[in-house]
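Taking it in order: structure first as structure tokens, then the write-up.
Just so it is clear, none of the values below were taken in a lab; they were calculated from the coordinates. Source: prediction; values computed, not measured. FYI the Cβ positions are ideal-geometry reconstructions off the backbone, even for glycines, and counts take in every protein chain you see.
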Amino acid sequence: MLPTNPLDAWTAQQIGSPGALLTRADLAAYQLRQLRQTLAWAKAKSPFYRHRLADFDAAGLSTLDALRELPFTTADDLRTNDPPLLCVSQSEVSRIVTLETSATSGPAKRIFFTAQEQAATLDFFDHGMRVLAQPGDRVLILFPGERPGSVGELLAQALSRQCATPIAYGWPQDLAAAAAALRRERTDVVVGAPVPLLAVARYAAATGQPVRVRSVLLSADQASAAVRRCLAQLWGCEIFEHYGMTEMGLGGGVDCAAHAGYHLRESELLVEIVDPVSGEPVADGEPGEVVFTTLTRRGMPLVRYRSGDISRRLPGPCACGSPLTRLGRIERRVAAGVDLGAGGTLTIGALDEALLAIEFVADFVPSWRSGPPPSLHVEVTQVARVAATQRDTALVAEVSTALAAIPPIAAAMANGLQFSVSIARDDRLPGRVGKRSIVVEPSP
Ligand SMILES: [Zn+2]
């Protein structure tokens with residue numbers, strides 16, 4: 001028998017039914033009310049939505065499905081922000097997040113949050129973490145936490161509320177230092193991004209520092225099966241996953257003890273899955289783009305925001321008994337990967353599955369040039385690199401073999417694709433924080 005999902009009671013409280021059993025009917029009625037309010041507010045306060053929703057009567061919205069009539073909001077809208085999407089005065093904004101993306105040039109996305117919205121995220125983190133952390137636990141946080149309102153800082157605050165001890169470490173770029181902290185702090189739970197976390201685990205193992213961790217929460221990037229499998233083997237830990245993005249207010253959903261999809265933050269987000277080409281809704285269980293509408297935000301509400309992530313709504317009830325909608329793992333980004341011509345598309349996910357399964361790989365940076373000739377270079381960061389180069393040579397060979405076995409690469413090699421592998425000079429992780437991707441180099 002699985003434990004009751006702590007997000008149920010929290011969601012019931014959020015929707016105005018504290019102490020009551022959470023039901024789909026109550027959730028849907030609440031979401032419709034909040035949706036009407038959000039649309040009316042956005043239209044009244046933001047020049048962007050005033051124009052975008054000009055022909056739409058929010059008060060007349062009678063079902064959640066009627067949302068389909070509305071236009072999408074896109075990442076480009078957040079980049080241009082002209083006319084502005086902001087619905088409150090600048091003085092009411094307590095945090096602005098600027099998101100640069102490697103894949104696009106031009107202006108960055110800017111997302112605005114009020115103090116109330118920051119508090120709502122903190123509350124979600126608090127109750128979401130109860131799925132895996134218990135009072136008295138020591139929780140190591142491997143996310144940046146220096147700035148107020150950053151993921152690491154909010155998580156630390158959230159954990160303090162539930163009598164757990166947060167240990168705010170920061171981004172684990174230096175593997176030796178992070179592994180030392182893990183041992184020193186006798187942690188029960190670790191929260192971090194998938195690849196850096198596996199790298200720390202591998203470093204600790206390679207340098208003879210056995211570590212015991214009960215639970216792990218992976219967040220901020222897709223976790224490949226290779227990462228989950230290797231991490232569970234090294235630490236014998238239970239692995240939980242969180243899905244979210246800054247635009248969602250950081251938190252989106254977290255899986256439960258059944259490990260069968262992310263239970264969504266439905267008191268604050270209305271999630272749709274649509275065909276990425278036609279924009280039409282897809283059936284439960286079918287893949288499509290995650291689109292969401294914020295239900296409580298007043299600073300910069302997002303209406304039908306296209307996340308760019310491909311996933312699916314999982315049908316049927318969860319074994320944990322929660323009525324909260326479950327989202328499957330993110331399968332890929334809509335615009336992910338590089339086109340290898342005859343070989344099809346190469347994604348970071350395919351590279352992760354192949355290369356992170358190799359012992360001693362801490363991380364890697366793939367860069368692609370369309371040519372001519374088309375070329376792929378992979379720089380590998382090795383765990384606990386030793387001065388002897390024998391292991392370097394063996395690792396280059398092993399990575400090369402794994403690359404050549406990835407179907408799109410194998411097919412493209414027949415058409416002239418060249419690839420090369422090098423080993424990074426030391427065992428520090430690349431400094432980038434957030435989602436990993438294939439770097440596209442300009443052609444000569
Ligand atoms: Zn569940």
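Show which aspartates and glutamates lie in cross-link reach of residue 435 when reach means a straight Cα distance below 18 angstrom and same-chain residues fewer than eight apart are skipped.
Partners within reach: 100, 221, 241, 247, 289, 309, 331, 352, 353, 363, 379.
Which one, 226, 277, 412, projects farthest toward the positive side of the charge dipole computed for the chain from Cβ point charges (K/R +1, D/E -1)?
226
Taking every DSSP beta bridge that has both residues in the chain, what percent is antiparallel when rounded to the nearest 5?
Here the antiparallel bridges make up roughly 60 percent for the chain.
Take every Cα pair under 8 Å in the chain that's 6+ residues apart, average their separations, divide by the length, and report that relative contact order as a whole percent.
Computed value for the chain: 14 percent relative contact order.
Taking 0.36 nm per intervening residue step and subtracting the Cα-Cα distance, what contour gain separates residue 23 from residue 62 on full extension? All intermediate terms of the calculation are to be shown ahead of the outcome.
Numbers: separation 39, 0.36 × 39 = 14.04 nm, distance 1.96 nm.
Extra length from residue 23 to residue 62 when fully extended: 12.1 nm.
Which angle between 0 and 90 degrees, to the nearest 10, do you get for helix 194-206 versus the longest principal axis of the chain when only C-alpha atoms count?
40
Rg (Å, one decimal) plus Dmax (Å, integer) for the alpha carbons of the stretch 252-355?
15.3, 48
Please express the Cα-Cα pair-distance distribution P(r) of the chain as a list of whole percents, one per 10 Å bin, running from 0 to the bin with the greatest distance.
All Cα pairs considered, the percentages come to 4, 20, 29, 26, 15, 5, 0, 0.
Convex hull volume of the Cα atoms in the stretch 338-441, per residue, in Å³?
Roughly 96 Å³ of hull volume per residue.
Whole-Hz ³J(HN,Hα) for each residue in the stretch 44-51, computed from phi via Karplus 6.51 cos²θ - 1.76 cosθ + 1.60 with θ = phi - 60°, x for glycine and proline: what do you get?
Karplus-based 3J(HN,Hα) across the stretch 44-51 equals 6, 10, 10, x, 4, 6, 4, 6 Hz.
Can you list residues from other chains, or at least 5 along the same chain, whose modelled amide H is less than 5 Å from the amide H of residue 381?
362, 363, 364, 365, 424
I want to check the label-to-label distance for residue 13 and residue 283. Put each point 7 Å from Cα in the C-beta direction and report it in nm to one decimal.
4.0
Based on DSSP H runs of at least 4 residues, each adding -39500 (n - 2.57), what is the mean residue ellipticity at 222 nm of the chain after dividing by all its residues, to the nearest 500 deg cm²/dmol? Walk me through the intermediate numbers first.
Details: 12 runs with 133 residues, N = 444.
Taking each H run of at least 4 residues, the total per residue is -9000 deg cm²/dmol.
If we count GluC sites (Glu not before Pro) as exposed when they sit in a DSSP loop and have at most 15 other beta carbons within 10 Å, what is the longest stretch of the chain that avoids them all?
186-330
Under 5 Å between amide H atoms, partner at least 5 residues away or on a different chain: which partners does residue 421 have, H built in plane at 1.01 Å?
Answer set, sorted by chain and number: 378.
HN-Hα J couplings of the stretch 263-273 from phi, Karplus 6.51/-1.76/1.60, θ = phi - 60°, integer Hz, Gly and Pro as x?
Working through the residues one at a time gives 7, 7, 7, 6, 6, 10, 9, 9, 9, 10, 10 Hz.
Regarding the stretch 132-243, what whole-number volume in Å³ per residue does the convex hull of its Cα atoms give?
In the stretch 132-243, the Cα convex hull volume per residue is 89 Å³.
Treating cross-link reach as a plain straight distance, find the aspartates and glutamates whose alpha-carbon is under 13 Å from the alpha-carbon of residue 43, omitting any fewer than eight places away in the same chain.
In chain and number order, the partners are 55, 57.
Mind pulling the angle between the C-alpha long axis of helix 115-129 and the longest principal axis of the chain? Nearest 10 degrees, somewhere in 0 to 90.
60
In whole Hz, with x marking every Gly and Pro, tabulate ³J(HN,Hα) for the stretch 65-78 from phi via Karplus 6.51 cos²θ - 1.76 cosθ + 1.60, θ = phi - 60°.
With the stated coefficients, the stretch 65-78 comes to 5, 5, 4, 4, 6, 7, x, 7, 10, 10, 4, 5, 4, 6 Hz.
Roughly how tilted is helix 175-184, in degrees to the nearest 10 and between 0 and 90, from the longest Cα axis of the chain?
Long axis of 175-184 versus the principal axis of the chain: about 70 degrees.
If each of residue 98 and residue 119 carries a label point 7 Å out from its Cα toward its Cβ, how far apart are those two points in nm?
Spacing of the two 7 Å Cα→Cβ label points: 2.9 nm.
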